[in-house]
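**Q** Attaching a single structure in structure tokens format; questions to follow.
We did not get these values from a lab; they are worked out from the coordinates using the rules stated. In this text the structure is predicted, and so the values were computed from the model without any measurement. When we count neighbours, we look across all protein chains shown, and the Cβ atoms used for this are built from the backbone with ideal geometry, even at glycine.
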Amino acid sequence: MTSRPVTARTLSRPEVRVLPQYNAGATESAVRAKFGLAQVVKLASNESCLGPSDSVGDALRASVGEIHRYPDPNCTALRGEIGKLVGIDPACVIVGNGSEDIIEMLCKAFLGPGDRLLTLAPSFGLHEIFPAMMGATVEKIPVTSDREFDVPAWCAALSRPTKMVMFSTPSNPVGCVLNGPQLRAICEASPPETLLVVDEAYYEYARGPEYADSMAVLAEQHRPWIVLRTLSKAYGLAGLRVGYGLASDPDLVSLLDRVRTPFNVNTFAQIGAVAALRDTLHLHAVVSATRRERQVFRARLAELERLNAWGIRHSPSHGNFLFVDTGRNARAIALDLMKRGIIVKPWAEPGYESFIRVTVGPREANNRFLTALTEILSPAAGVRPAGI
Ligand SMILES: *Cc1c(COP(=O)(O)O)cnc(C)c1O
């Protein structure tokens, strides 16, 4: 009699065996080493083009003497700061080791086998991976052909029992947003037993009349909800790992407290985040510089598109990134760009295999990308759009 040998794989939960791995992309140093390049720019992770406030470094240096102590497990000072900034009771604030930590907490606390989760397609990987890890069924609502939220499709999908709705606005990777009436329509279509999770990782870049005031719309709902934000993007602290959630009520926070690790946010992260949140001038400088560069970047892409040699297309974006249809295989394009020292994120999701997501960086980096893309897409033609 033969029996299958016991391996780590056979011992693992079935959900875990088939879980896709999150594609975090290549680092600058890895690309430098692999292709023997001196200068590599990374436009793949939507990091800030200006970095963090100087006050963060000062605060971190001043707190080095504290690192033999455990961090505050309740993030008291940071939650107070967030409460003040947002105008919410700190008891309704949860802090995570990045907002991805809070996405995981939400899935652990609320999702089990067979639960239905609705998200957007194309989607941010972790909006699928963590629900799938818990055995939930993930259903994705595609954006429209002009790459906006398909609100009627959302409302139709919500006519069936749904445990959780989770999407980003501005959406990653597309960059589209929901306005107030659209978000309200989705909330009102959601069954009462649906937890609403609105991921606003790019909130700071998007604020404006077209962008829903999610907290205000959700507060009308008299039901559980949470809005997620992060210090990884506009605040420039991706390496420190701090994200926060703004919840409908303290009870939701205390449920998440039960499934998180007790010291999930380290001392430096807490101290650095407080310093970053206080420097509103720096935040405004980052946001306005990014919006300006996004304009310039888009104008040059539009110029390429007008030449229309290769079928490239991009959509407007409310984030610090652009989603570009290259009209070719995106992995191949991304590899060609990498050989020229530019890291972007090729999209692998079915239906979007010709798309890359590129972060709006400093002007020189964006220009390097545009020049390289032009070369790659027209190797022999020698076509050069104006200004590149
Ligand atoms: C970057 C990003 C996050 C994760 O941010 P961290 O706080 O660094 O974990 C979450 N959601 C979306 C949509 C993002 O793009």
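**Q** Only bridges with both residues in the chain count here: give the DSSP antiparallel percent, nearest 5.
**A** Close to 50 percent.
**Q** Rg and Dmax of the range 52-155, using alpha carbons, in Å: what are they?
**A** 18.8, 55
**Q** Here's something else I'd like to know. So for the chain, averaging the separation of alpha carbon pairs under 8 Å that are six or more residues apart and normalising by length, what relative contact order in percent results?
**A** For the chain, the relative contact order is 22 percent.
**Q** At most 16 other Cβ atoms within 10 Å plus a DSSP loop assignment makes a site exposed; report the longest stretch of the chain without any exposed GluC sites (Glu not before Pro).
**A** With a cap of 16 other Cβ atoms within 10 Å, the longest stretch comes to 1-147.
**Q** Let me ask something else. Enter the angle in degrees (range 0 to 90, nearest 10) between the Cα long axis of helix 330-339 and the first principal axis of the Cα atoms of the chain, meaning the one along which they spread out most.
**A** 70 degrees
**Q** If we count other beta carbons within 10 Å of each Cβ, what is the order of 120, 281, fewest first?
**A** Starting with the residue having the fewest Cβ neighbours, the order is 281, 120.
**Q** Over all directions, what mean area does the Cα convex hull of the range 88-234 project, stated in square nanometres?
**A** Mean projected area for the range 88-234: 8.3 nm², to one decimal.
**Q** Moving on. Using the Kirkwood radius over Cα pairs, work out the Stokes-Einstein diffusion coefficient for the range 154-233 at 4 °C and 1.567 mPa s, in µm²/s as a whole number.
**A** My calculation gives 101 µm²/s for D.
**Q** Over all alpha-carbon pairs of the range 119-163, lay out the pair-distance distribution in 10 Å bins, whole %, shortest bin first.
**A** Reading the bins upward from 0: 26, 51, 23, 1.
**Q** Okay, next question. Sorted from fewest to most neighbouring beta carbons within 10 Å, what does the list 258, 4, 278, 357 look like?
**A** Listing 258, 4, 278, 357 from fewest to most nearby Cβ atoms yields 4, 258, 278, 357.
**Q** On to the next question. Rounded if a/c is under 1.5, else prolate if a/b beats b/c, else oblate: with a ≥ b ≥ c from the C-alpha gyration tensor eigenvalues square-rooted, which is the range 1-99?
**A** Verdict is oblate for the range 1-99.
**Q** OK, next. Under the rule a/c < 1.5 gives rounded, and otherwise a/b versus b/c splits prolate from oblate, where does the range 259-388 land using the Cα gyration tensor?
**A** prolate
**Q** Still on this model: Per residue, how big is the convex hull around the C-alpha atoms of the range 318-377? Give it to me in cubic angstrom, could you?
**A** Dividing the Cα hull volume of the range 318-377 by its residue count gives 76 Å³.
**Q** Name the aspartates and glutamates eligible as straight-distance cross-link partners of residue 34: C-alpha to C-alpha under 15 Å, and not fewer than 8 places from it in the same chain.
**A** Correct list for residue 34: 336.
**Q** Here's a follow-up. What residues qualify as long-range amide H neighbours of residue 321, i.e. H under 5 Å apart, gap of 5 or more or another chain, H built at 1.01 Å from N?
**A** When sequence neighbours closer than 5 places are left aside, the close amide H contacts are 360.
**Q** Per residue, how big is the convex hull around the C-alpha atoms of the range 250-332? Give it to me in cubic angstrom, could you?
**A** Once divided by residue count, the hull of the range 250-332 is 188 Å³.
**Q** Do you know the relative contact order of the range 91-244, to the nearest whole percent, from alpha carbon pairs under 8 angstrom that are 6+ apart?
**A** 26 percent
**Q** If the only charges are +1 at each Lys and Arg Cβ and -1 at each Asp and Glu Cβ, what is the size of the charge dipole of the chain around the Cα centre, to the nearest 20 debye?
**A** Roughly 1180 debye, rounded to the nearest 20.
**Q** By how many degrees, 0 to 90 and rounded to 10, does the Cα axis of helix 99-110 deviate from the longest principal axis of the chain?
**A** 40 degrees
**Q** Another question, if that's okay. Rounded to whole Å and ordered largest first, report the semi-axes of the equivalent ellipsoid of the chain derived from its Cα gyration tensor (root of 5λ).
**A** Semi-axis lengths for the chain are 33, 26, 24 Å.
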